[in-house]
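Reviewing the structure listed below.
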Amino acid sequence: YEAFVARKREHILRALDDACQATGLSGLDDFELEHEALPDIDLDEVTLASRLLGQPAPTPFYVAGMTAGHPDAAKINRLLARACERRGWAMGVGSQRRQLSATRADAELDQWAQLRAEAPALVLFGNIGLSQIIGTPIHYLQDLVTSIRAQALAVHLNPLQECMQPEGTPQFRGGRAALQALCAELGVPVVLKETGCGFSARTLRSLEGIGLAAVDVSGLGGTHWGRIEGARAANTPGAGMQAQAAETFRNWGVSTAQSVIHARSTLPRVECWASGGVRSGLDAAKLIALGAERVGYARPALEAALAGEEVLDRWMAQQEHELRIALFCSGCIDPASLRLRHAAMMANTYFTWRRHSRERGNPEGFCFSK
Ligand code: FNR
């Protein structure tokens, strides 16, 4: 247990280190939203109201799952939960893997009861890794959901991290079938998420019809687990090969922008949530314009939470404010209008956003191959 707690602490510290962020690779700097000089609305008419898994939601934001199962996690999660409930954001918890082993389960249940007592109306997502659902009877997974009274269960994919991590479980065989069974039998919607390496169109196509309610693309551009595990390996005697591999794969993944484009074109009926390197309300607006229904932050939320409740609240208000400005200056009254406007443009093959690469010799703007 001590080794587990030490590892989770190190993950948090490393995630806060800029060297473990794939900054500049999210693809979002390649796009600009088109400025509307004459929006036919007032700023105070702009609303962030949106929908989440078919229900109305006050904002399109969520804090992506990060932590669970150790003493620091309980504190961080409660802080995030209170703030998210207050501001109308949804929230995911980190991997509940330890709850599957009975030894620590009671301590976990206490923590969740406390969290739920403080944030009873929060829309909350459970979390478990793909390797852990393979071969696990559904009722154990249902218990994870029940323990936190979750509105959905997120199943995370992290093949790169599993390869890099000395304690990793890179066993994914049978995962797709296990996922399909889970979608069919679990009492709440299932969300499939990456953890910072995104989704290709091929992967998403292979998921068609298995019953997912949403895909959280968690693309390349923010927290990168190859880099985090590489930094850990570099300080571990005898892990030279892992450290070298982590260096080789430091930019591995599909960018967040590209992942959203893939999700929209391959799984139009599955909700698309975007996370991975989202660092401002403007980033969020760009992802909504690309087709995302919901936008999530992990590392920046963690950083703000560690600075205290007030800093966290101010940081959240900042994201909302910036998204509102982006909507107003695009002439859109709510996130759905921005998403639908750009969906119509995308149908014309040529995206009308100006692309920075124009300077690099692409006067046509961004071209979507069909
Ligand atoms: C994570 N993430 C994560 N995801 C998951 O599904 N289960 C988990 O247990 C964790 N643990 C975790 C810990 C820490 C400290 C961080 C920063 C992140 C991944 C997270 O949900 C998200 O997909 C990525 O971090 C990308 O978002 P950012 O950090 O670039 O905003």
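The values are calculated or read from the model by the stated rules, or taken from the named source; none is laboratory data. This structure is a prediction, so every number in the text was calculated from the model and none was measured. Cβ sites come from the backbone with ideal geometry, for glycine too, and all protein chains shown count toward neighbours.
Consider Arg87 carefully, then state whether it is over 19 Å from the mean Cα position of the chain (by Cα) and touching a residue at least 60 places away in the same chain (Cβ under 8 Å).
Working: over 19 Å from the mean Cα position of the chain (by Cα): no; touching a residue at least 60 places away in the same chain (Cβ under 8 Å): yes.
No, not satisfied.
Look at (1) surrounded by fewer than 18 Cβ atoms within 10 Å (Cβ to Cβ); (2) within 26 Å of Glu309 (Cβ to Cβ) and you find that Pro137 fails only one, number (2). Within the range 198-226, the only residue that satisfies the criterion of being surrounded by 24 or more Cβ atoms within 10 Å (Cβ to Cβ) and farther than 24 Å from Phe125 by Cα is Gly226. When the residues of the range 177-211 are filtered to those that are within 15 Å of the ligand (Cβ to nearest atom) and assigned to a loop (DSSP other than H, G, I, E, B), the one that is farthest from Ala19 (Cα to Cα) is Phe199.
Restricting to the range 76-93, what's the tally of residues that are under 17 Å from Ser147 (Cα atoms) and surrounded by fewer than 21 Cβ atoms within 10 Å (Cβ to Cβ)? Selection size over the range 76-93: 1. Between Gln242, Gln258, Gln319, the distinction of being in contact with a Phe, Trp or Tyr (Cβ under 7 Å, 6 or more places away or on another chain) and part of a helix (DSSP H, G or I) belongs to Gln319 only.
Under the condition of being within 14 Å of the ligand (Cβ to nearest atom) and surrounded by 15 or more Cβ atoms within 10 Å (Cβ to Cβ), the residues counted in the range 17-43 number 7.
Here Gly253 fulfils each of the conditions (1) of a type outside the set (A, V, I, L, M, F, W, C); (2) more than 15 Å from the ligand (Cβ to nearest atom); (3) surrounded by 24 or more Cβ atoms within 10 Å (Cβ to Cβ) apart from (2).
Answer yes if at least one residue in the range 171-190 is without any contact (Cβ under 8 Å) to a residue 40 or more places away in the chain and touching a Phe, Trp or Tyr at 6+ places or on another chain (Cβ under 7 Å), and no otherwise.
no
Can you confirm whether Gly276 is over 18 Å from Leu52 (Cβ atoms), within 16 Å of the ligand (Cβ to nearest atom) and either aromatic (Phe, Trp, Tyr) or within 12 Å of the chain's Cα centre (by Cα) (or both)? Taking the combined requirement at face value, the residue satisfies it.
For the range 151-176, filtered to residues that are within 13 Å of the ligand (Cβ to nearest atom) and assigned to a loop (DSSP other than H, G, I, E, B), the residue that is surrounded by the most Cβ atoms within 10 Å (Cβ to Cβ) is Asn158.
Here the range 309-324 is the region considered, the condition is being in contact with a Leu (Cβ under 8 Å, 6 or more places away or on another chain) and away from the ligand (no atom under 16 Å from the Cβ), and the residue that is farthest from Val215 (Cα to Cα) is Glu309. Among the residues of the range 129-142, those that are in a helix (DSSP H, G or I) and over 21 Å from the mean Cα position of the chain (by Cα) comprise Ile138, His139, Tyr140, Gln142.
If we scan the range 301-324, do we find a residue that is surrounded by fewer than 24 Cβ atoms within 10 Å (Cβ to Cβ), under 18 Å from His11 (Cα atoms) and within 15 Å of the chain's Cα centre (by Cα)? Yes, the conditions are met somewhere in the range 301-324.
Residues checked against (1) modelled with pLDDT of 95 or more; (2) assigned to a helix (DSSP H, G or I); (3) under 21 Å from His11 (Cα atoms); (4) not hydroxyl-bearing (Ser, Thr, Tyr):
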| site | (1), (2), (3), (4) |
| --- | --- |
| Arg78 | yes, yes, yes, yes |
| Ala83 | yes, yes, no, yes |
| Arg116 | yes, yes, no, yes |
| Asn127 | yes, no, yes, yes |
| Leu144 | yes, yes, no, yes |
